[in-house]
Amino acid sequence: MRKGFSLLESLIGLTIMFLVVWGSLESFGTARRVFYRLRLRQENSQAAWAALDKIRFDVRLAGRGLSRPLRLGLLSAFETAEEKWTMMRAGDRPVLQADVAAGQTTLKVNVAGEDWAGRTLCLFDRSHGETATIAGSGGGFVDLSAPLVRAYRAAETTAVVLLRTTIYLDGGTSILRRKADASPAQPLCEGVDSFVFSLDAARCLASVRLALVSSPEKSYDLSIMAENAALGKQS
């Protein structure tokens, strides 16, 4: 009567067990790699849509508070240079405390503590206006880098310090960046393969297309109505 397995039977059994365990581990490893790949793809997709949502916010704000300067042709809600798109809107509104003469470079305002150096000031009344770079501010005065071309009556003039937001792709690092005024550019989305921003000026309709390095064949597209910029086209 047999009381155990032969050496050959034991070897065969161990071989079968090894193959089963190895197959299980291989299946687990494959499932794990697929899981992490899908999770990375989902995280990248979420990052892309989050960046587009931030751009949507900036586009919709472009031109806010600047309806009259836009109609007067003093500035544009959107500017582009070197593949960078800049959107402008109204920021602080210092109130003139005295009339301004043509050629003047210092304005007396009601704000004493703000630092607007390097920012752009837009002055306008009902019929005309102009923009100037601020050289410095403080103590209730704003110093301009160049003389004003026109004279302005304080009671009829609005002064606006512009807010500029610039979006661009840093090709060297594949990072889509957002820069607000003079502050350092912040990363908006990493791992970007391509970024295209276009504007239909007649309809004030912006189109954005974004593709990631991880899946360059897939694009994330968005069309945005620049509502505040459209107000500047109304008479």
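Every read-out reported here was derived from the displayed coordinates using simple, explicitly stated rules and does not represent laboratory data. Since the model is a prediction, treat every value here as computed from it, not as a measurement. Glycine also receives a Cβ, built like all others from the backbone with ideal geometry; neighbour counts cover every protein chain displayed.
In terms of packing, defined here as the mean over residues of other Cβ atoms within 10 angstrom, the peptides 204-212, 168-176 line up highest first as 204-212, 168-176.
Across the chain, Cα-Cα distances exceeding 30 Å account for 48% of all pairs. GNM on the chain, alpha-carbon springs under 10 angstrom: the most fluctuating residue among SER137, SER127, SER194 is SER127. Normalised radius of gyration (Cα atoms, divided by 2.2 N^0.38 Å) for the stretch 128-235: 1.48.
Per-residue ellipticity at 222 nm for the chain, helices alone: DSSP H runs ≥ 4 residues times -39500 (n - 2.57), over residue total, nearest 500 deg cm²/dmol?
Details: 3 runs with 65 residues, N = 235.
Result for the chain: -9500 deg cm²/dmol, rounded to the nearest 500.
What pairs in LYS108/LYS233; LYS54/LYS218; LYS179/LYS218 have C-alpha atoms more than 23 Å from each other?
Correct reply: LYS108/LYS233; LYS179/LYS218.
Computed from phi, the 3J(HN,Hα) profile of the stretch 110-120 under the Karplus parametrisation 6.51, -1.76, 1.60 (θ = phi - 60°) reads 8, 10, 10, x, 7, 9, 10, 4, x, 7, 9 Hz, with x in place of Gly and Pro. Classification of the stretch 89-161 by its C-alpha gyration tensor yields a rounded form. The axis ratio a/c (a ≥ b ≥ c) stays under 1.5. Farthest toward the positive end of the dipole of the chain, out of LEU169, PHE57, ILE16, is the Cα of ILE16, where the dipole comes from beta carbon charges about the Cα centre. Between CYS189 and LEU176, the built amide H atoms are under 5 Å apart, and every one of these is 5 or more places off in sequence or on another chain.
Once both axes come from the Cα atoms, what is the angle between helix 7-61 and the longest principal axis of the chain, in degrees from 0 to 90, rounded to 10? Approximately 10 degrees, to the nearest ten.
Exposure proxy check: ARG153, ARG119 ranked by fewest other beta carbons within 10 Å?
Values: ARG153 11, ARG119 19.
Lowest count first: ARG153, ARG119.
Given R0 = 25 Å, the distance between the Cβ atoms of GLN42 and ASP170 translates into a calculated FRET efficiency of 0.55. This ranking places GLU83, GLU114, GLU217 by how few other beta-carbon atoms lie within 10 Å of each, fewest first, which gives GLU217, GLU83, GLU114.
So between ARG150 and ASN110, what do we pick up on full extension, going 0.36 nm a residue minus the alpha carbon distance?
Numbers: separation 40, 0.36 × 40 = 14.40 nm, distance 2.10 nm.
Contour length minus Cα-Cα distance gives 12.3 nm.
To the nearest 0.05, how large is the calculated FRET efficiency for LEU74 and ASP99 if R₀ is 25 Å and r is the Cβ-Cβ distance?
Using R0 = 25 Å, I get an efficiency of 0.80.
Could you identify which residue out of LEU14, LEU188, LEU72 has the top mean-square fluctuation in a GNM of the chain using Cα springs shorter than 10 Å? Result: LEU14 has the largest fluctuation of those listed. Panel order for TYR152, TYR220, by other beta carbons found within 10 Å of each beta carbon, from fewest to most: TYR220, TYR152.
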